[in-house]
Every structure is written in structure tokens, then in C-alpha cells.
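Novice: Sharing a structure, written as C-alpha cells. Questions coming.
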Amino acid sequence: MAGSTGKTQLLRGALAGLPFVPVVSPFAVLFGALAAEAGLDLAATVGFSTVVIAGAAQFAALQLLVEGAAMGAIVATALAVNLRMAMYSAALVPHVGTVPLWQRALIAHLNFDQTFAASVVHYEAHPAMTPREKAAYFLGVAGVIAPCWVGFTILGALAGSRIPESWALDFALPITFLAMIGPMLKTPAHAAAAAVSVIVALALAGLPSGLGLLIAGGAAMATGAAVESLSEGRAA
Amino acid sequence: MIDYSEAQIWGLIVVLGVGTFLIRFSFLGLIGNRRLPPLVLRLLRYTPVAVLPGMVAPLVLSPAATGGSFDPARALAALATLAIGIAFRSVLGAMAAGAATLYAALWLLA
């Protein structure tokens, strides 16, 4: 019986993952194409999409590789971009914190913006689900989105080296980042953090590649948290 | 072009993979149901928005394609992307607006 409800949830999750396919695949194609343009071989490109499997961090690492940044700076920047996933991890504990370790490890590896969002929305609408059902649902969602991310990365990598220069693909990466930033500017605190990030990064542009960005990121996080505290104080 | 050895690239992939996994596994696997200090949660909330703008600003103001000199077409495309992203909260919509603006501006200003 437990097996059959698990299968049902896996299938339901997979169906919920389908609408994300057209959302995720253009980013994956773009990552593959830009990585190929930059001279990364197919195995390493696919390595990023399977081992790291985190869109914004992959784009950030690729950009810093092209700039010739120090390895330490690339690692620190890409992991900083992924730090938000610690919040996702914490948010999943009440839902799937009691399932077997291997399932939690698998969920952890496949926990990124889209799988997290799709699953938590469903959990909140269906509070009667058991932890096992919730885990199966999550793996169903991820079972659709993750292979799609990898598959379209490969497609992009194969097409990448054949894209003509007149397509101005050099600017695809800045446009992708900017497109991600716009919807993030939800509150004055987010806008203040973004502004400080830009100002400090430009002011420190003379430092070795990647270093100025780290300082800018730290200053911007502190700014966001400070503005949030201030506005909460005012509201209280 | 990327100028690192094969070993460095794979080293980076593995380190990023392990680091990212540890971030994702942190609470699910290691820390469990303990609560994070509010200040830490507050800082975590701002990580993507703190890092990505600082990375993109130099790319917009001094694009590699024009040898680092300011390019009006790319600046316009950047503005359009950001504006549509803020107005409609749609990442793909913003990308489409940015690409359309870039091609239109490149064509008009050529």
C-alpha cells in the first residue's frame, strides 16, 4: 500500500514538474552554448549541470572562468550565490526531515529554486501528506526538471560553437543575470542590497578579478539585513 | 576563452558540487530541526541579490565585445531587461525584452 501511494505521489510530482520544462530549458541551452563558446569541453559542461546543478551559480562560475579569476574567488562567489539553498534545506525539514537518509541526500542534491518552489506550494496545500509521500512528490518534480536541465545543457553545448558572432551572444549572460535580478527586487531592502553591490563592485573593479565582487557581496548582504531591520523597527 | 587546465576545471566542478551539496544537505541531513539565528536567516535572504548585480554591472558598462568601451545598444538592452523584470516579475519575459532591445538597438545604431 505504502509503495502504491509513493508511486502516485511520484507521478503527481512529475506532472507538477512539467510546466517548468519550458522555463528551465532555455537557461540550460544558454549555459551549454556559452560554456562551449568559452571553450569548455562537453564533459566539463555536463559536469557542471549534473554535479553542481544550480543555474545562477553555474553562470557565475562560467563568467569568472572567462575573466580568468583565481580559483578561490570563483569557489567563494559561486557558493555565495548558492547560500540561499540553506534556507530551502531548513524549510524542507518539517516536511521530509524523517525519511531515510539516502532520500534526504537525494532531495538535498536536487533542491534548487524550481523543485523547492513547486514542492513546498503543494505541501502547504496538502497538509495531510505523510513525509514519505512528500519525499516521493519532491523526487517526482525533480525527476522531470533535473534530466531536462542536463539534456538541454548538452543540446546547447552541441549548438554553441556553431552560433554566429552577429547574434551578439556575448551579451546573453548579462541579460540572463539582469532578468534574474529584476524580479528579486521585491522590497526596499533588496533594492538597497543590489545598489550597494553595484557601487562597491564598480569601485573595487581594479582589484584582482573576483575579489572586489566578494567584498561587494558581503557589504550588500549586510545592507539588505540592516535595511530590513530598520523597516521592521519602523513598522513595529 | 577559458585558460585553465582540465584538472583545474574538474577540481572546480567537484569543489563546487561538494560545497553546494553541503549547503543543501545542511539542515536536511546534518543540523536537523534546530533553528537558525534570525540574523543568519536575514543575511541568507540577500545572498543572490547581493552577488549578481555586482557581477553584472561591469559587464554592462564595459562589455568585452566592444573591447571594454561603453556601448549604447548593450546599455539599452540592459535597462529594458531590468525594467521588464521589475514590472512583470518574469525572468523569461525580461530576457525576451532584453534580446529584442539589443537586436533593435544594434540594427538602428549600426
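Novice: Here are some conditions: (1) under 27 Å from residue A:225 (Cα atoms); (2) outside any helix (DSSP H, G or I). Residue B:69 meets all but one. Which one does it not meet?
Specialist: Going through the list (1) under 27 Å from residue A:225 (Cα atoms); (2) outside any helix (DSSP H, G or I), residue B:69 breaks only (1).
Novice: Separate question: All but one of (1) modelled with pLDDT of 90 or more; (2) under 16 Å from the mean Cα position of the chain (by Cα); (3) farther than 29 Å from residue A:158 by Cβ hold for residue A:77; which doesn't?
Specialist: Going through (1) modelled with pLDDT of 90 or more; (2) under 16 Å from the mean Cα position of the chain (by Cα); (3) farther than 29 Å from residue A:158 by Cβ one by one, residue A:77 breaks only (3).
Novice: Another question, if that's okay. Conditions: (1) buried (at least 24 other Cβ atoms within 10 Å of the Cβ); (2) more than 20 Å from residue B:23 (Cβ to Cβ); (3) among the hydrophobic types (A, V, I, L, M, F, W, C). Residue A:81 meets all but one. Number of the miss?
Specialist: Single failed check for residue A:81: (2).
Novice: Restricting to the range A:48-57, and then to whatever is at pLDDT 90 or above and facing chain B (nearest Cβ under 9 Å), can you tell me which residue is farthest from residue A:145 (Cα to Cα)?
Specialist: So the residue we want is A:57.
Novice: Checking residue B:35 against (1) within 28 Å of residue A:88 (Cβ to Cβ); (2) assigned to a helix (DSSP H, G or I): exactly one of these is not met. Which one?
Specialist: With (1) within 28 Å of residue A:88 (Cβ to Cβ); (2) assigned to a helix (DSSP H, G or I) applied to residue B:35, the lone miss is (2).
Novice: Further question: Going by the conditions given, is residue A:206 surrounded by fewer than 15 Cβ atoms within 10 Å (Cβ to Cβ) and either closer than 25 Å to residue A:72 by Cα or facing another protein chain (nearest Cβ under 9 Å) (or both)?
Specialist: yes
Novice: Next question, about the same structure. So which residues in the range A:209-227 are at pLDDT below 90, closer than 20 Å to residue B:44 by Cβ and surrounded by fewer than 21 Cβ atoms within 10 Å (Cβ to Cβ)?
Specialist: A:214
Novice: Mind listing just one residue for me: the one in the range A:98-113 that is under 27 Å from residue A:58 (Cα atoms) and part of a loop (DSSP other than H, G, I, E, B) and, of those, modelled with the lowest pLDDT?
Specialist: A:112
Novice: Out of all the residues in the range A:172-194, which are under 20 Å from residue A:232 (Cα atoms) and touching a residue at least 24 places away in the same chain (Cβ under 8 Å)?
Specialist: A:187, A:188, A:189, A:190, A:192, A:193, A:194
Novice: So if I check each of B:58, B:72, B:48, B:53, which one is more than 7 Å from every other protein chain (Cβ to nearest Cβ) and on the phi < 0 side of the Ramachandran plot?
Specialist: B:72
Novice: For residues in the range A:58-74 being part of a helix (DSSP H, G or I) and facing chain B (nearest Cβ under 7 Å), which is nearest to the chain's Cα centre (by Cα)?
Specialist: Step by step, filter the range A:58-74, then rank; the result is A:60.
Novice: State yes or no: is residue A:195 at the interface with chain B (Cβ under 10 Å from one of its Cβ atoms) and crowded, with 17+ Cβ neighbours inside 10 Å?
Specialist: No: the conditions fail for residue A:195.
Novice: So which of A:157, A:172, A:146, A:128 ends up being over 20 Å from residue A:85 (Cβ atoms), within 14 Å of chain B (Cβ to nearest Cβ) and either surrounded by fewer than 23 Cβ atoms within 10 Å (Cβ to Cβ) or in contact with a Cys (Cβ under 8 Å, 6 or more places away or on another chain) (or both)?
Specialist: Going through A:157, A:172, A:146, A:128 in turn, the sole match is A:172.
Novice: Working only within the range A:27-47, note down all residues that are part of a helix (DSSP H, G or I), touching a residue at least 24 places away in the same chain (Cβ under 8 Å) and facing another protein chain (nearest Cβ under 7 Å).
Specialist: Answer for the range A:27-47, where residues must be part of a helix (DSSP H, G or I), touching a residue at least 24 places away in the same chain (Cβ under 8 Å) and facing another protein chain (nearest Cβ under 7 Å): just A:38.
Novice: Could you check, for the range A:88-97, whether at least one of its residues is more than 7 Å from chain B (Cβ to nearest Cβ) and either farther than 13 Å from residue B:28 by Cα or not in a helix (DSSP H, G or I) (or both)?
Specialist: No, the range A:88-97 contains no residue that is more than 7 Å from chain B (Cβ to nearest Cβ) and either farther than 13 Å from residue B:28 by Cα or not in a helix (DSSP H, G or I) (or both).
The values are calculated or read from the model by the stated rules, or taken from the named source; none is laboratory data. On a predicted model such as this, the values are computed, not experimentally measured, just so you know. Glycine also receives a Cβ, built like all others from the backbone with ideal geometry; neighbour counts cover every protein chain displayed.
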